[in-house]
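Everything below concerns the one structure shown next.
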Amino acid sequence: MQTEVLADRARSYIAALPLPSAPRSGPGAAAPDPAAVSALAVGQNLVEFAAGAAPGLRPAVADALLLAQLAADKAGATAPGTWYEAHRGVQAEIGFRSAGLTRTAQDLAATTADLHEAILPVVVAAFAGAAVPAIVIETLRQLSAASENRPWIQLFERESRQLSARQFQISMVDGDARSQTVTMVGFAMDLGQSGTQALFFRAARETAAIERIEGRFEADNASLTALAPALADKLASRRHAYLSALEI
């Protein structure tokens, strides 16, 4: 009974949550099925599903991540820390438990590498003790040389720009018979008034310092199953514009 009460409360929250208007056109004609792919660009979040992530629950997890991103965007947070706290708050309202976020300044002043290469060891360190998201890391390796005509790159570049900042997340989803867990590391860089339009992997040497934000979220399988229809209904008009399969 308690579980159903919490699910009803979460469904009401999802239905009432304000989100930005859906873009007039998205990067692809149809959204991929998260249950059928190994990795997705979910807005500005590169998400990989480990073997333990239940295929039947992957759509609900992807929708939950997208809902939190869109709600944080709608809240109008201008500082990365505020944005991530808003993101975490939405996750909590829909049943994800979190131990909090850690924030670390990452100084890349000494590197001569492009940022997409320089952050690879940072990503590996952030996922220490958990499976490193191999598909996502290979995606980062290829970002600077990849064609911007590819749908997921168009989506990723559009969503990673937040006012004068560039930010994105990398997430690994894993699970077991009881719950699904999202391990997330986010990066943010303030580009100020530089006016550059390039994703920050490609023009990082101008700004050496980035902020790394790490978090871990867990939701019970039963809760995700109960909320999946509400999440899908809320995001039905946005999925095609915010989800794209990663192509390596």
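Numbers below:
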{"item": "In the range 45-85, the residues that are more than 27 Å from Ala177 (Cα to Cα), surrounded by 15 or more Cβ atoms within 10 Å (Cβ to Cβ) and among the aliphatic types (A, V, I, L, M)", "result": "Leu70, Ala71, Ala72, Ala75, Ala77"}
{"item": "Subset of the range 211-244 (residues that are charged (D, E, K, R) and within 19 Å of the chain's Cα centre (by Cα))", "result": "Glu211, Arg212, Glu214, Arg216, Glu218, Lys234, Arg238, Arg239"}
{"item": "Failed item, numbered, when Val136 is tested on (1) at pLDDT 75 or above; (2) surrounded by 15 or more Cβ atoms within 10 Å (Cβ to Cβ)", "result": "(1)"}
{"item": "Condition check for Pro80: closer than 15 Å to Gln167 by Cβ and in contact with an Asp or Glu (Cβ under 7 Å, 6 or more places away or on another chain)", "result": "yes"}
{"item": "Subset of the range 211-232 (residues that are in contact (Cβ under 8 Å) with a residue 40 or more places away in the chain, surrounded by fewer than 18 Cβ atoms within 10 Å (Cβ to Cβ) and either out of contact with any strand residue (DSSP E or B) (no Cβ under 8 Å at 6 or more places or on another chain) or outside any strand (DSSP E or B) (or both))", "result": "Asn221, Ala222, Thr225, Ala228, Ala232"}
{"item": "Residue, surrounded by the most Cβ atoms within 10 Å (Cβ to Cβ), within the range 12-34, restricted to residues that are hydrophobic (A, V, I, L, M, F, W, C) and at pLDDT below 85", "result": "Ala31"}
{"item": "Cross-chain or 6+ apart pairs with Cβ under 6 Å, the range 77-97 first and free of Cβ contacts under 8 Å to residues at least 24 places away in the same chain, then assigned to a helix (DSSP H, G or I)", "result": "Ala77/Trp83; Ala77/Ala86; Ala86/Ala72; His87/Ala68; His87/Ala72"}
{"item": "Cross-chain or 6+ apart pairs with Cβ under 6 Å, the range 35-50 first and farther than 20 Å from Arg216 by Cβ, then surrounded by fewer than 24 Cβ atoms within 10 Å (Cβ to Cβ) and charged (D, E, K, R)", "result": "Ala35/Arg58"}
{"item": "Matching option when the condition is farther than 20 Å from Leu224 by Cα and either in a loop (DSSP other than H, G, I, E, B) or in contact with a helix residue (DSSP H, G or I) (Cβ under 7 Å, 6 or more places away or on another chain) (or both), among Gly56, Gly76, Gly81, Gly95", "result": "Gly76"}
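The values are calculated or read from the model by the stated rules, or taken from the named source; none is laboratory data. Since the structure is predicted, the reported quantities are computational estimates derived from the model, not experimental observations. Ideal geometry is used to build each Cβ from the backbone, glycine not excepted, and the neighbour counts take in all protein chains shown.
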